[in-house]
Amino acid sequence: MRNIIIFLIVVVLLYLIPSLILQAVYGPSYGFLSGENHWVPDGYGGWQKQGEPTELPPTIPSVNVPLWAKYIPLFLPGFLVILFIFTPLSKLLENKSSEEMEDKTDELEI
């Protein structure tokens, strides 16, 4: 159980850390945790309304965030999950105590 919790924490961190780095690099143009109603870049250095934002548009010019950069926070944890599901690394997540209990029950049956 401990290994699974560590694995889940690593997956969450692999999403949050790149997202925070992209937010620091691109500022409000990236829009991490901005919700549905916010200002999005219009592609020409200005801002376009999405939904009904309550705040004024940012005063700094917008920057186009490359498409590949937008998906890094999704691909990194996804790659780790696929790596652990389809390779022998999945044995690292197995609970060792359950294996010991199976061995003990086998011994009792004999």
**Interchain or long-range residues, amide H under 5 Å from W47's placed H** = D42
**Fewest-first sequence of K91, K49 by Cβ atoms within 10 Å of each Cβ** = K91, K49
**Prompt:** Does region 31-70 come out rounded, prolate or oblate by the C-alpha gyration tensor, with a ≥ b ≥ c the root eigenvalues, rounded set by a/c under 1.5 and, if not, prolate when a/b is larger than b/c and oblate if not?
**Reply:** oblate
**Asked** For region 2-109, what percent of Cα pairs sit more than 24 Å apart?
**Response** 48
**Message:** Whole-Hz ³J(HN,Hα) for each residue in region 23-31, computed from phi via Karplus 6.51 cos²θ - 1.76 cosθ + 1.60 with θ = phi - 60°, x for glycine and proline: what do you get?
**Reply:** 5, 5, 6, 9, x, x, 5, 7, x
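Read-outs throughout are calculated quantities, based only on the coordinates presented, and are distinct from any laboratory measurement. Only a predicted model underlies this, so the values are computations on that prediction, with no experimental measurement involved. Note that each Cβ is placed from the backbone with ideal geometry, even for glycine, and that neighbours are counted across all protein chains shown.
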